[in-house]
Amino acid sequence: MDNSDAFLNESSGNSTAMSHGTVSIFTAVIVLVTACLGVLTNALLFAVTITYRPIHGLASWPLLAHCMLVDCLVSATRLTMAIPLYLYPGYVLPDVYCQFQPLFSYLPYVASMYASTVLAIYRLVARMLPHRFAILTTRPVLGIALIIPWIVAIGLNLFPIFGVGLQLKRSSALGFCVMVSSLEVPEGGALIAYSTTATYAPTCVMGLCYGIVLTTTIRDVRGQRRQSMTSRGQAVGRRLEISKTLFLSYAWQCVSLYPLVIVASCFPAVFAESQKLQLLLRLLSNSYTTINPIFYWASSRLYADGTRSALTIRPRRDAKLASNSVVPLWTLGKWQAIPMPR
């Protein structure tokens, strides 16, 4: 018996400890609330990104918008988790539900991870190779950058869908499907390999890229302080602002996602014994996309001003003046190379 079988069996033995009236319903309500808030906040952030003209000074704005759109999708798919919780653990889910759950649960998650990774790599390349920067803003390059996360997500999640190395089985204790190894792999090697590809590798790359970009940008800002505030100095300051925002978002991503991945992958027996720990870590993971927009509004003046502009009702005269800072939706596909800032 491998670790995955032990997890399912131990969870089944503890199923009576979970009360449908107290734990399942309470957890389902929290999931529904956080998911709905995540959809609303990320949709607002996406709208601000594609319509607020000052944000278009960032050449990476199409990738930023893509990340927010994917996070909005991730929040929406979290709603599916609440369905089996409402049905209580004793309800028998059909096998096809667990088999195809990666399509509406894990696939958006992996796409979100790699969309953020592509954004981090894009900003690093733009920072380290400014003489090649014009190439990065062309439509073919941006199109490839937008497609890569979905190719990786689809390819990776074909394995659990077809039961190759991994599969999803229903936990009678939790009431929903959990990913386990479908092979006799020592120490759950297939599950660890999936976690490494879906979470560990992307976050390591993001941390390296954002760390380099942030430190080099801070160095540039310190150099600009000795000079008068020029247009280049303002560009560097704006680049520092968005770099801080993305780094804070990355830090929150690690805090919310890593506990669940580490405990479930490396300590499956401990994870199986405590249902409260399972639900707590899953709720923490599910709250990532809901709370992430707060870091944008709290650390970025661009996004704070853009959101305030979008939500403020102005008199007709002020609205006409404010329209100069809003990009018409029909021109969004006509981005062009912007030398600075990044």
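Some points to look at:
- Within the stretch 152-172, the set of residues being free of Cβ contacts under 8 Å to residues at least 12 places away in the same chain and part of a loop (DSSP other than H, G, I, E, B) comprises just one member, PHE162.
- Remark: pairs (first residue in the stretch 173-193, more than 17 Å from PRO102 (Cα to Cα) and aliphatic (A, V, I, L, M); second residue modelled with pLDDT of 70 or more and surrounded by fewer than 17 Cβ atoms within 10 Å (Cβ to Cβ); Cβ separation under 7 Å; 6+ apart in sequence or on different chains) = LEU183/GLY165.
- Scope the stretch 219-246; condition modelled with pLDDT of 80 or more and either surrounded by fewer than 14 Cβ atoms within 10 Å (Cβ to Cβ) or over 26 Å from ILE121 (Cβ atoms) (or both); matching residues: ARG219
- Reported count of residues in the stretch 23-47, each being modelled with pLDDT of 90 or more and of a type in the set (Phe, Trp, Tyr), is 1.
- Considering residues of the stretch 150-172 that are small (Gly, Ala, Ser) and out of contact with any Pro (no Cβ under 6 Å at 6 or more places or on another chain) only, the residue modelled with the lowest pLDDT: SER171
The values are calculated or read from the model by the stated rules, or taken from the named source; none is laboratory data. Quantities reported herein were computed from a predicted structural model and do not represent experimental measurements. Ideal geometry is used to build each Cβ from the backbone, glycine not excepted, and the neighbour counts take in all protein chains shown.
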